[in-house]
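Here is the structure we will look at.
Every number in this text was worked out from the coordinates using simple rules, so none of it is lab data. Keep in mind the model is a prediction, meaning the values are calculated, not measured. Cβ atoms come from the backbone with ideal geometry, glycine included; neighbour counts cover every protein chain shown.
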Amino acid sequence: MKHPRISLSAEDECWRKKRRVIRYYNRLARIYNLLYGQEQKLKIVESLKAINLNEKDMVLDVGCGTGLMFSHINGLVETIIGIDISPGILKAAMKLVKNMGGKSTISLLRADADFLPFKEGIFDKVFAITLLQNMPNPALTLSEIARVTKANSEIIVTGLKKFFLKEDFLRVLSEAGMNPSIIDAGDGVKCYIAICNNGPSSASKDINIGMHSQLMVKTNANAW
């Protein structure tokens, strides 16, 4: 007997994808650095070449994973906050932070990149490295990132080349109201790297992209 096919709403599809992402990275947490550590390091190094960090900066790493970014900027900025939706991957990041010296204050938080638990315009720099391919609607995610970033500050975003065509990556950034500049990182880097200026209007821009505008719903722990 065939079971009736259930039609999922856009909101249901959104949370379904996020649950898959959580399960995937929970399983991968112990071996993530072994599999992807060098690849991620290349992206981070190339990204940092294109920006200037200030010792008073408050930095947000959205989708921080195992915390590979932290060792590159620890001591160069005042505060680093890493968020990720996977509790397993955050445990790996916590181990790294506990063994790390330096002068930066580093905090970790489990949160959804689409619903960042911060006030508007508080971060001086925001990184979203290898994040967008995991998000149901990347433009909405970027709009939320822009909301918590100070006006005229930099947002560093990467897009996997195997997931995005260059023009699609740029389109997503533009839909989020960002002003991107793609840097030439060489063929060895598997991502496009964009340095985006968070213009004064970006954080408050009303993003409405078809049915995906329906996905702006309140988070709750049960959804995970």
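Relative to the compact-globule scaling 2.2 N^0.38 Å, provide the ratio for the alpha-carbon radius of gyration of the range 1-133.
In units of the 2.2 N^0.38 Å rule of thumb, it is 1.19.
Suppose we keep just the DSSP beta bridges with both residues in the chain; what percent of those would be antiparallel, to 5? Could the numbers behind the result be given before it?
Values: 13 of 32 bridges.
DSSP beta bridges in the chain are roughly 40 percent antiparallel.
Please report 183, 73 as a ranked list, fewest other C-beta atoms within 10 angstrom at the top and most at the bottom. Going from least to most buried by this count: 183, 73.
Our summary gives the range 10-215 a relative contact order of 20 percent, counting only alpha carbon pairs under 8 angstrom and 6 or more residues apart. Under 5 Å between amide hydrogens, built in the peptide plane, is the criterion, and for residue 111 it picks out 84, 85 among residues at least 5 positions away or on other chains.
To the nearest 20 debye, what charge dipole does the range 10-215 have about its Cα centre, counting +1 at the Cβ of each Lys and Arg and -1 at the Cβ of each Asp and Glu? Kindly include the intermediate steps, with their values, before the conclusion.
Working: 27 positive and 22 negative charges, 176 e Å.
With Lys and Arg at +1 and Asp and Glu at -1, about 840 debye.
Spin-label model, residue 13 to residue 163: label points 7 Å out along the Cα-to-beta-carbon direction sit 1.7 nm apart. Rg over Rh for the chain works out to 0.96, using Cα positions for both radii and the Kirkwood form for Rh.
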